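Asks: Take a look at this one; I'll ask things after.
The values are calculated or read from the model by the stated rules, or taken from the named source; none is laboratory data. Owing to the predicted nature of the structure, the values given are computational and were not obtained by experimental measurement. Virtual Cβ from ideal backbone geometry, glycine too; neighbours counted across all protein chains shown. For accessibility, only protein heavy atoms count, side chains too; no ligands or nucleic acids. Shrake-Rupley method; radii C 1.70, N 1.55, O 1.52, S 1.80 Å.
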Amino acid sequence: MKTLYAYLFIWISMCTVSCDDWAPWTQWGTCSRTCDGGVTYRTRRCRKDSPMNRGCRTDDVQYRACNMQECPGNVLDYRALQCSAFNKNPYSGEVLNWVPYHDSKNPCALYCQAEGHDVIHRLANHVVDGTKCRNDSKDMCIDGKCWNVGCDGILGSKKVLDRCGICGGNNSCMIQRTPKFTWSLSGYGECSSPCGVGYRRAKPVCINRASGKRVRNKRCRSAERPKQQTRSCKLRDCKESPIYKWVFGPWSNCSCAKKYSWRARRCVMFFPNSTQTYVSEKFCDTRTPVTKQLCDKTLCPIWHVGHWAPCSVTCGNGVQRRGVVCQHFGKEFCDLKSKPITLRSCNTSVLCFVQNDIQEVILGESDSSSIKRLPPLKSTERTGSRPRFVAREWQPCSVTCGRGRKWRYVTCQVYVPRIGKDTELPDKECKGLKPLNSSPCIIQECVEQFEYRVVGMTPCSRSCLGGVQETIVRCVSIHNGSAVDDNNCKDVHLVPVERRVCNDINCPQRWKVGDFGMCSVSCGGGIMHRDVECIQEFAVGFRNGIHLPDYMCEQPVPTRNRKCNSIDCHSEWLSGPWSKCSVTCGQGYRSRDVYCVKKNAGGNYINISSTLCDSNKHPMDVQNCNQTVCPEPKLRALEVQFFQMDKLKRVKLTIGMTATILPGTTVLIKCPTRGIQIQDIKWLKNGTTIRYSKRVKLTRKRFLKIRNAVPEKDSGIYSCKAGSLQSNTPVSFSSVYDIFKATMLRQKYISGIQPMNLVARSISTKQMDPVSRKYSPLFLVKSDWSACSATCGGGLQSRNVSCEIITRDYFEVFPVRFCTKAGHSAPLLIQSCNTFPCLEWSLGNWSECAASECVRDKTALIKREVSCLSNDQAMNDTSHCESLGTIPPTEMECSNKDCKAVWIASKWTRCIGECETNGFKTRSLDCVWSKTRLSAGKECSSLQRPRTMKMCEMGSCSCTDESEYCSVVKMMKFCKFENFRRNCCVSCKKS
């Protein structure tokens with residue numbers, strides 16, 4: 001250990017501040033936006049050769065603007081998009097829609113205003129990096145601060161367009177009288193390839209020097225047009241095959257003023273890892289889907305026009321009229337500017353001839369063929385127009401036979417050249433005698449006394465849209481035309497009844513008035529309502545009318561509402577609103593005011609004595625209110641390990657943290673609580689109450705402050721105690737070796753020996769540093785995998801993974817769940833290894849060297865079982881273990897004295913031969929082991945072989961039949977055989 005400390009001392013003493021240097025910059029990260037200006041950044045780490053050095057100077061992070069081109073189409077404002085993310089979050093119990101609100105003092109905070117309300121709230125301390133500080137500038141917010149963006153698109157640049165439209169120019173064109181328009185290269189477009197290497201192009205465009213806006217190319221000189229520029233690009237590696245699809249926006253709303261509805265489309269590239277990005281439209285299917293469609297105008301309002309009526313005169317100039325009606329559905333009406341004309345002038349092309357100052361005029365829809373056309377009037381006669389009498393055509397004679405009378409209308413008129421038509425005057429203005437307006441008429445003599453006569457027409461069945469009327473036929477006296485009984489006309493010819501269409505005109509606008517409904521109240525002055533609508537019928541039938549605005553009907557509008565029940569009401573109790581609960585949590589009470597009132601005829605409430613109201617119906621004025629359950633007292637401890645690697649003036653810790661600090665550091669320990677009064681907090685060290693001094697004391701917020709901590713006095717466990725709750729923070733001091741080991745472990749992540757598993761590129765993958773109170777990126781620090789627990793058959797290996805915030809001066813270790821929650825992939829802590837199967841020979845025990853296994857003289861066999869095991873399971877086929885080499889032996893010879901081969905003989909057979917002659921006896925021999933009598937094979941070949949045959953004498957034989965087959969030997973002729981003769985002696989002798 002002394003040698004190690006000596007080495008560390010030499011190593012530290014050799015280095016100075018100059019030993020510290022910067023590691024290489026990381027690659028630029030992904031742009032925070034795809035268009036309209038985003039931000040990207042890169043970082044670098046200070047490689048500290050000694051913890052005692054002061055570190056590197058200058059910044060460890062660089063920012064730059066990116067994707068400054070305008071977004072195509074109607075893209076939602078980036079700040080509005082961030083506000084809309086809070087639409088689903090309830091605010092004061094109500095779900096509101098948020099729109100952006102720009103605060104001039106703090107433009108990089110996310111202030112939003114509730115749509116339709118006066119509520120303005122700061123929903124986030126910082127907007128997302130790349131958000132514009134103001135709508136009218138390119139300046140953007142980065143890490144909560146507004147960065148200036150010049151006209152060159154560079155962060156921190158102060159360049160602006162001069163009056164010549166040149167970025168960073170000096171208005172030289174105003175002196176040299178340079179052209180107003182000039183060529184400029186547009187921004188580089190999209191990459192031609194979504195993955196791998198592609199290219200981007202910048203095309204020349206003509207711009208106005210003063211405004212910087214693009215104009216038509218023909219305004220610039222074609223000879224000065226620069227060439228388009230091309231540069232390579234690479235969005236990502238082509239590791240996975242993407243999918244290209246069209247993505248559409250919603251259809252635009254149709255209206256009667258629009259003919260088509262549109263929707264936006266974008267070509268989007270989808271990757272298997274669920275990421276996506278916009279690409280050029282050439283990558284998607286060439287069969288472009290529909291983005292434009294006709295609007296359905298079947299329910300739009302439309303003007304309906306009728307036929308022109310005949311000209312109002314039979315000669316000269318007149319007028320024609322027609323009906324025009326707006327047919328609509330709902331509350332959208334026809335455009336009055338596009339209403340067709342209802343009146344036009346007409347010319348009969350017939351000049352009026354003045355003879356006795358009489359001109360005939362058509363009234364209504366009379367048949368012009370019944371009017372006698374007069375010769376045309378000479379032009380000289382028109383110029384001297386003067387008042388004259390104009391007679392209209394004669395009406396039919398008042399009788400059908402005999403003497404009657406006929407009438408006509410005669411008026412005084414004059415032709416007015418200015419308006420091109422005749423105008424009526426009083427009769428005194430016309431000179432001469434006025435033509436007769438009645439005249440007697442004589443029809444053929446009446447033959448009969450009575451006749452049927454048409455006396456008139458029935459009223460029209462409709463006042464508009466075409467009704468029907470019939471002629472009225474009466475039996476009358478021929479002499480005086482008086483009506484008589486129909487019996488007098490029994491023998492008279494019937495006059496046919498004529499039917500004709502009448503009032504075939506458009507219906508005028510009219511009021512449709514309903515009945516008054518019930519009164520809204522029974523007393524105190526109420527309102528009765530009825531429906532009043534301005535309508536116009538356009539066809540016969542139910543609901544064939546259109547609703548019109550009130551101003552299109554005759555004024556004034558019929559009364560829709562009227563007062564009713566204007567009498568005083570009885571006394572009653574009136575309650576005010578409940579007050580707020582007396583407590584914010586737990587059980588409390590609330591109250592309200594209760595009055596005895598009376599509603600007068602005018603609908604107003606007046607206070608009266610409470611004795612006039614029914615006391616039994618008095619409403620409650622006090623009631624209990626149950627608020628939310630009071631929060632359980634809690635110490636908000638933080639499970640974080642803090643390790644100081646370089647000098648710091650002050651370190652602010654939170655109770656629950658484990659701290660390793662350097663001597664001389666001032667330590668602040670705070671104890672955040674919930675539901676606990678601050679004065680109830682007590683501080684302990686190693687279980688005993690702390691004695692406060694100038695160096696160790698409590699701040700105004702009850703923080704424990706240790707100034708210039710030293711190991712001898714300040715090492716220990718500090719506890720925050722409130723009642724029964726207690727949380728601890730162990731404080732220890734680091735040695736040079738501890739700092740060296742901690743620095744070297746994290747140095748390999750910083751210097752690039754092992755790639756950093758750093759996914760943090762935005763605020764979502766950062767964590768609030770409890771020491772610096774700033775958002776810092778989270779690192780997953782992984783150790784090497786341990787050795788596998790098994791050489792085969794599947795083992796396990798583990799590693800240590802910590803979630804850390806690493807700075808130059810200290811690092812903090814968080815639970816791994818903080819990194820996974822911030823966006824890092826959950827790291828593997830344990831993994832399988834050596835998963836291939838374990839193969840081995842399974843050898844059984846040798847059997848005993850028994851006499852039953854003898855193989856030769858004084859030698860026997862011992863045996864054992866040999867099997868192939870795969871992961872401790874026996875395999876039927878030993879070929880699986882061929883890779884292990886030769887199969888172990890299953891048999892082996894052993895020495896056994898009991899293994900001795902001997903001959904054993906059977907008993908001698910009885911003497912075999914003829915009776916009273918010499919015969920022989922035989923026996924069998926077997927070679928066996930002497931102890932077990934088991935066959936010994938050829939092991940007796942070296943031993944003397946015993947006799948197996950000997951002679952014997954046959955005595956006199958007794959003749960008997962000893963076989964059961966003796967009865968058939970004679971028939972079968974078996975007696976010629978010696979064996980049958982001996983066993984069937986009696987039967988063979990008889991033969």
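Asks: Conditions first: (1) open to solvent by 50 Å² or more (accessible area, probe 1.4 Å); (2) free of Cβ contacts under 8 Å to residues at least 60 places away in the same chain. Gly514 passes all but one, so which condition is the exception?
Replies: Of (1) open to solvent by 50 Å² or more (accessible area, probe 1.4 Å); (2) free of Cβ contacts under 8 Å to residues at least 60 places away in the same chain, only one is false for Gly514: (1).
Yes/no per residue for (1) open to solvent by less than 50 Å² (accessible area, probe 1.4 Å); (2) on the phi > 0 side of the Ramachandran plot; (3) not basic (Lys, Arg):
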{"position": "Lys652", "(1), (2), (3)": "no, no, no"}
{"position": "Ile661", "(1), (2), (3)": "yes, no, yes"}
{"position": "Val667", "(1), (2), (3)": "yes, no, yes"}
{"position": "Lys670", "(1), (2), (3)": "yes, no, no"}
{"position": "Ile681", "(1), (2), (3)": "yes, no, yes"}
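Asks: Can you list the helices (runs of 4 or more DSSP H) lying wholly within segment 928-991 that have 1 or more residues being exposed (fewer than 11 other Cβ atoms within 10 Å of the Cβ) and touching a helix residue (DSSP H, G or I) at 6+ places or on another chain (Cβ under 8 Å)?
Replies: Result: 985-990.
Asks: Looking only at segment 492-502, filter to residues that are modelled with pLDDT under 85 and out of contact with any Phe, Trp or Tyr (no Cβ under 9 Å at 6 or more places or on another chain); which one of those is most open to solvent (accessible area, probe 1.4 Å)?
Replies: Taking the candidates together, the pick is Arg499.
Asks: Please work out if Leu828 is part of a loop (DSSP other than H, G, I, E, B), open to solvent by 80 Å² or more (accessible area, probe 1.4 Å) and more than 16 Å from Met657 (Cβ to Cβ).
Replies: Spelling it out, Leu828 is indeed part of a loop (DSSP other than H, G, I, E, B), open to solvent by 80 Å² or more (accessible area, probe 1.4 Å) and more than 16 Å from Met657 (Cβ to Cβ).
Asks: Report, by residue number, each residue of segment 832-880 that is among the aliphatic types (A, V, I, L, M) and in a helix (DSSP H, G or I).
Replies: Scanning segment 832-880 gives a single hit, Ala851.
Asks: Still on this model: Restricting to segment 521-561, give me the number of residues that are touching a residue at least 40 places away in the same chain (Cβ under 8 Å) and in a loop (DSSP other than H, G, I, E, B).
Replies: The qualifying residues number 13.
Asks: Additional query: Would you please list the contacts, defined by Cβ atoms under 6 Å and residues six or more apart or on different chains, that run from a residue in segment 581-606 that is in contact (Cβ under 8 Å) with a residue 60 or more places away in the chain and aliphatic (A, V, I, L, M) to a residue that is surrounded by fewer than 16 Cβ atoms within 10 Å (Cβ to Cβ) and in a loop (DSSP other than H, G, I, E, B)?
Replies: Correct list of pairs: Ala601/Ser566; Ala601/Ile567; Ala601/Asp568.
Conditions (1) within 16 Å of Asp36 (Cα to Cα); (2) among the basic types (Lys, Arg); (3) open to solvent by 50 Å² or more (accessible area, probe 1.4 Å); (4) free of Cβ contacts under 8 Å to residues at least 40 places away in the same chain, marked per residue:
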residue: Tyr63; (1), (2), (3), (4): no, no, yes, no
residue: Tyr78; (1), (2), (3), (4): yes, no, no, no
residue: Tyr91; (1), (2), (3), (4): no, no, yes, yes
residue: Leu110; (1), (2), (3), (4): no, no, no, yes
residue: His117; (1), (2), (3), (4): no, no, yes, yes
residue: Leu123; (1), (2), (3), (4): no, no, no, no
residue: His126; (1), (2), (3), (4): no, no, yes, no
residue: Gly130; (1), (2), (3), (4): yes, no, no, no
residue: Gly144; (1), (2), (3), (4): no, no, no, yes
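Asks: Moving on. What pairs come up if the first residue lies in segment 291-306 and is over 22 Å from Gln536 (Cα atoms) and modelled with pLDDT under 80, the second is open to solvent by less than 80 Å² (accessible area, probe 1.4 Å) and part of a strand (DSSP E or B), and their beta carbons are under 8 Å apart, counting only those six or more places apart or on different chains?
Replies: Sorted first by the residue in segment 291-306, then by its partner, the pairs are Cys295/Tyr260; Cys295/Ser261.
Asks: While we're looking at this one, here's another question. As an exercise: evaluate Trp841 against (1) open to solvent by 80 Å² or more (accessible area, probe 1.4 Å); (2) under 17 Å from Cys792 (Cβ atoms) and give the number of the one condition it does not meet.
Replies: (1)
Asks: For segment 594-634, how many residues meet the condition of being open to solvent by 90 Å² or more (accessible area, probe 1.4 Å), within 26 Å of Glu572 (Cα to Cα), of a type outside the set (Ser, Thr, Tyr) and not in a loop (DSSP other than H, G, I, E, B)?
Replies: Selection size over segment 594-634: 5.
Asks: Answer yes if at least one residue in segment 792-801 is at pLDDT 85 or above, closer than 23 Å to Ser734 by Cβ and either acidic (Asp, Glu) or within 41 Å of the chain's Cα centre (by Cα) (or both), and no otherwise.
Replies: Yes, some residue in segment 792-801 is at pLDDT 85 or above, closer than 23 Å to Ser734 by Cβ and either acidic (Asp, Glu) or within 41 Å of the chain's Cα centre (by Cα) (or both).
Asks: Sticking with this structure for a sec: Which of (1) open to solvent by less than 70 Å² (accessible area, probe 1.4 Å); (2) among the β-branched types (Val, Ile, Thr); (3) more than 52 Å from the chain's Cα centre (by Cα) does Ile505 not meet, given it meets every other one?
Replies: Unmet condition: (1).
Asks: Shifting gears a bit: Enumerate the pairs (first residue in segment 836-847 and under 13 Å from Asp872 (Cα atoms); second residue anywhere and of a type outside the set (A, V, I, L, M, F, W, C) and outside any loop (DSSP other than H, G, I, E, B)) with beta-carbon separation below 8 Å, excluding pairs fewer than 6 apart on the same chain, so at least 6 apart or on different chains.
Replies: From residues that are under 13 Å from Asp872 (Cα atoms), the pairs are Pro837/Ser870; Cys838/Ser870; Leu839/Ser870; Leu839/His880; Leu839/Ser883; Trp841/Ser867; Ser842/Ser867.
Asks: Only residues that are in contact (Cβ under 8 Å) with a residue 24 or more places away in the chain, open to solvent by 50 Å² or more (accessible area, probe 1.4 Å) and out of contact with any Gly (no Cβ under 9 Å at 6 or more places or on another chain): list them for segment 635-650, please.
Replies: Selection gives Gln641 alone.
Asks: Is it the case that some residue within segment 899-906 is touching a residue at least 40 places away in the same chain (Cβ under 8 Å), in contact with a strand residue (DSSP E or B) (Cβ under 7 Å, 6 or more places away or on another chain) and exposed (fewer than 12 other Cβ atoms within 10 Å of the Cβ)?
Replies: The answer is no, given that none of the residues of segment 899-906 is touching a residue at least 40 places away in the same chain (Cβ under 8 Å), in contact with a strand residue (DSSP E or B) (Cβ under 7 Å, 6 or more places away or on another chain) and exposed (fewer than 12 other Cβ atoms within 10 Å of the Cβ).
Asks: So, one more: In this structure, is Cys460 assigned to a loop (DSSP other than H, G, I, E, B), modelled with pLDDT of 85 or more, under 24 Å from Arg321 (Cβ atoms) and open to solvent by less than 90 Å² (accessible area, probe 1.4 Å)?
Replies: Taking the combined requirement at face value, the residue satisfies it.
Asks: Of the residues Ser571, Ser579, only one is at pLDDT 85 or above, open to solvent by less than 90 Å² (accessible area, probe 1.4 Å) and within 30 Å of Ile527 (Cα to Cα); which?
Replies: Ser571
Residue by residue, here is whether (1) hydroxyl-bearing (Ser, Thr, Tyr); (2) part of a strand (DSSP E or B); (3) open to solvent by 80 Å² or more (accessible area, probe 1.4 Å); (4) modelled with pLDDT under 75 holds:
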| residue | (1), (2), (3), (4) |
| --- | --- |
| Thr288 | yes, no, no, yes |
| Val319 | no, yes, no, no |
| Lys331 | no, no, yes, yes |
| Cys334 | no, no, no, no |
| Ile341 | no, no, yes, no |
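Asks: Going by the structure shown, is Val492 free of Cβ contacts under 8 Å to residues at least 60 places away in the same chain, more than 30 Å from Gly323 (Cα to Cα) and not in a strand (DSSP E or B)?
Replies: So Val492 fits the description; yes.
Asks: When you scan segment 697-713, do you find a residue that is open to solvent by 40 Å² or more (accessible area, probe 1.4 Å), outside any loop (DSSP other than H, G, I, E, B) and more than 26 Å from Ser735 (Cα to Cα), even just one?
Replies: yes
Asks: Just name the residue that is nearest to Thr791 (Cα to Cα) out of those in segment 849-862 that are without any contact (Cβ under 8 Å) to a residue 60 or more places away in the chain and surrounded by 13 or more Cβ atoms within 10 Å (Cβ to Cβ).
Replies: Per the stated criteria, the residue is Ile862.
Asks: Just checking, how many residues over segment 418-440 are crowded, with 16+ Cβ neighbours inside 10 Å and at pLDDT below 85?
Replies: Qualifying residue count, segment 418-440: 2.
Asks: Sticking with this structure for a sec: May I ask you to list the residues in segment 916-946 that are within 30 Å of Ser958 (Cα to Cα) and in contact (Cβ under 8 Å) with a residue 40 or more places away in the chain?
Replies: Within segment 916-946, just Glu916 meets the criteria.
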